[in-house]
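Everything below concerns the one structure shown next.
Every read-out reported here was derived from the displayed coordinates using simple, explicitly stated rules and does not represent laboratory data. This is a predicted model, so every value here is computed, not measured. Here the Cβ positions follow ideal geometry from the backbone for every residue, glycine too, while neighbour counts run over all protein chains shown.
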Amino acid sequence: MEKDETIVLYNNKIKEIANETFSLGEGMSNEKLVRKVLRTLPKRFAHKVTAIKEAQDLTTMRLDELMENLTTFEMSLDDGESSKKKGIA
């Protein structure tokens, strides 16, 4: 995932790759996809990745469930950054 890329765009890329590998006969398990996504997230998601790994069972977590969780977290990050930009006089 690139630094400026959103989770939604990243999710689309991951789904395309998963579909391509499936069509080639090399399907990936959901667990493998979830682990790969968590490994490729930028540092701004480090706290969330740690929390997910500790609190969730990655063997049963679905990719769409992970992406929803990360999208919600990203939205809260964006809210925090926009409030910092306003500044206090």
Starting from region 11-74, pick out the GluC sites (Glu not before Pro) whose DSSP state is loop and whose Cβ has at most 13 other Cβ atoms within 10 Å.
Glu26
Calculate for the chain the 222 nm mean residue ellipticity that helices alone would give, adding -39,500 (n - 2.57) per DSSP H run of length 4 or more and normalising by residue count, nearest 500 deg cm²/dmol.
-23000 deg cm²/dmol
Here the alpha-carbon Rg of the chain over 2.2 N^0.38 Å rounds to 1.24
Run the simple label-point estimate for Met75 and Glu31 please: 7 Å along Cα→C-beta, distance reported in nm.
3.1 nm
Please list, in order along region 24-35, the HN-Hα scalar couplings obtained from phi with the Karplus expression 6.51 cos²θ - 1.76 cosθ + 1.60 (θ = phi - 60°), rounded to whole Hz, x for Gly and Pro.
8, x, 10, x, 9, 6, 4, 4, 5, 4, 4, 5
